[in-house]
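The values are calculated or read from the model by the stated rules, or taken from the named source; none is laboratory data. Bear in mind the structure is a predicted one, so any value in this text is a computation, not a measurement. Here the Cβ is made from the backbone with ideal geometry for all residues, glycine too, and neighbour counts use every protein chain on show.
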Amino acid sequence: MLLTIKSPEDMSVEITQPGIYHLRRAYLVTHLQGPDDKAEVVTVGHTSISKEHLKIIIDDKVSLVDSGSTLGSYLNGGKFTETAITEEGEYDLQLGRVSFKLEYRK
(Lines give C-alpha, C1' and ligand atoms only; values in the text may rest on other atoms or scores of the structure.)
Protein backbone atom coordinates (compact mmCIF):
# COMPACT_ATOMS: atom_id res chain seq x y z
CA MET A 1 0.00 0.00 0.00
CA LEU A 2 1.24 3.44 -0.89
CA LEU A 3 -0.41 6.83 -0.43
CA THR A 4 1.49 9.79 -1.86
CA ILE A 5 0.51 13.32 -0.87
CA LYS A 6 1.87 16.01 -3.20
CA SER A 7 1.71 19.67 -2.24
CA PRO A 8 1.33 22.71 -4.53
CA GLU A 9 5.07 23.33 -4.05
CA ASP A 10 5.83 19.86 -5.53
CA MET A 11 6.89 18.50 -2.15
CA SER A 12 5.65 14.98 -1.54
CA VAL A 13 5.27 12.56 1.34
CA GLU A 14 4.80 8.81 0.92
CA ILE A 15 2.88 6.77 3.48
CA THR A 16 3.53 3.03 3.37
CA GLN A 17 2.43 1.91 6.84
CA PRO A 18 -1.05 1.53 8.34
CA GLY A 19 -1.91 3.99 11.08
CA ILE A 20 -3.52 7.31 11.89
CA TYR A 21 -1.97 10.43 10.41
CA HIS A 22 -2.88 14.11 10.91
CA LEU A 23 -2.54 16.81 8.26
CA ARG A 24 -2.39 20.14 10.08
CA ARG A 25 -0.99 23.64 10.01
CA ALA A 26 1.69 24.47 12.53
CA TYR A 27 3.59 27.75 12.54
CA LEU A 28 4.83 28.31 8.98
CA VAL A 29 4.43 24.81 7.56
CA THR A 30 1.71 22.27 7.06
CA HIS A 31 2.88 18.86 8.17
CA LEU A 32 1.77 15.27 8.33
CA GLN A 33 1.97 13.78 11.82
CA GLY A 34 2.33 10.00 11.81
CA PRO A 35 1.52 7.30 14.34
CA ASP A 36 5.05 7.45 15.75
CA ASP A 37 4.72 11.25 16.22
CA LYS A 38 7.18 11.82 13.38
CA ALA A 39 6.28 14.89 11.32
CA GLU A 40 6.87 15.17 7.58
CA VAL A 41 6.73 18.63 5.98
CA VAL A 42 4.04 18.78 3.31
CA THR A 43 3.67 22.44 2.28
CA VAL A 44 4.23 26.00 3.33
CA GLY A 45 1.65 26.86 5.97
CA HIS A 46 -1.50 28.55 4.77
CA THR A 47 -4.01 30.18 7.09
CA SER A 48 -6.90 28.43 5.32
CA ILE A 49 -5.60 25.08 6.63
CA SER A 50 -6.78 24.57 10.20
CA LYS A 51 -4.46 23.72 13.07
CA GLU A 52 -6.26 20.36 13.24
CA HIS A 53 -7.59 19.92 9.70
CA LEU A 54 -7.59 16.33 8.49
CA LYS A 55 -7.18 12.86 9.95
CA ILE A 56 -6.01 10.11 7.56
CA ILE A 57 -6.68 6.55 8.73
CA ILE A 58 -4.95 3.82 6.75
CA ASP A 59 -5.84 0.15 7.08
CA ASP A 60 -7.36 -1.84 4.20
CA LYS A 61 -8.49 1.49 2.74
CA VAL A 62 -7.74 5.19 3.18
CA SER A 63 -10.27 7.07 5.32
CA LEU A 64 -10.24 10.87 5.34
CA VAL A 65 -11.94 12.65 8.24
CA ASP A 66 -12.30 16.42 8.44
CA SER A 67 -11.51 17.43 12.02
CA GLY A 68 -14.07 20.25 12.15
CA SER A 69 -12.04 22.63 9.99
CA THR A 70 -13.34 26.12 9.32
CA LEU A 71 -13.09 26.15 5.50
CA GLY A 72 -13.71 22.46 4.86
CA SER A 73 -12.18 19.51 3.03
CA TYR A 74 -12.97 18.45 -0.55
CA LEU A 75 -12.15 15.29 -2.49
CA ASN A 76 -12.43 15.65 -6.27
CA GLY A 77 -14.55 18.78 -5.73
CA GLY A 78 -17.05 17.26 -3.29
CA LYS A 79 -17.12 18.50 0.29
CA PHE A 80 -16.86 15.81 2.96
CA THR A 81 -16.72 15.36 6.69
CA GLU A 82 -15.70 11.71 6.26
CA THR A 83 -14.96 9.70 3.12
CA ALA A 84 -12.97 6.63 2.05
CA ILE A 85 -10.66 5.89 -0.85
CA THR A 86 -10.86 2.24 -1.82
CA GLU A 87 -9.86 2.35 -5.48
CA GLU A 88 -6.35 2.91 -6.80
CA GLY A 89 -5.88 6.18 -8.62
CA GLU A 90 -5.19 9.87 -8.37
CA TYR A 91 -7.39 12.24 -6.40
CA ASP A 92 -7.63 15.99 -5.86
CA LEU A 93 -7.72 16.98 -2.19
CA GLN A 94 -8.47 20.55 -1.19
CA LEU A 95 -8.01 21.72 2.39
CA GLY A 96 -9.26 25.26 2.83
CA ARG A 97 -7.89 27.03 -0.26
CA VAL A 98 -4.86 24.73 -0.73
CA SER A 99 -4.94 21.90 -3.30
CA PHE A 100 -3.04 18.64 -2.92
CA LYS A 101 -2.75 15.59 -5.18
CA LEU A 102 -3.22 12.16 -3.67
CA GLU A 103 -2.12 8.95 -5.35
CA TYR A 104 -3.27 5.64 -3.89
CA ARG A 105 -1.80 2.26 -4.81
CA LYS A 106 -2.72 -1.03 -3.11
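Considering segment 35-94 alone, what residues qualify as being outside any strand (DSSP E or B), modelled with pLDDT under 90 and among the small types (Gly, Ala, Ser)? Matches in segment 35-94: Gly45, Ser48, Ser50. Taking the criterion of being among the aromatic types (Phe, Trp, Tyr) and at pLDDT 85 or above, the only residue of segment 8-34 that qualifies is Tyr21. Put simply, of Leu71, Leu93, Leu75, Leu102 the only residue that is surrounded by fewer than 18 Cβ atoms within 10 Å (Cβ to Cβ) and under 11 Å from the mean Cα position of the chain (by Cα) is Leu75.
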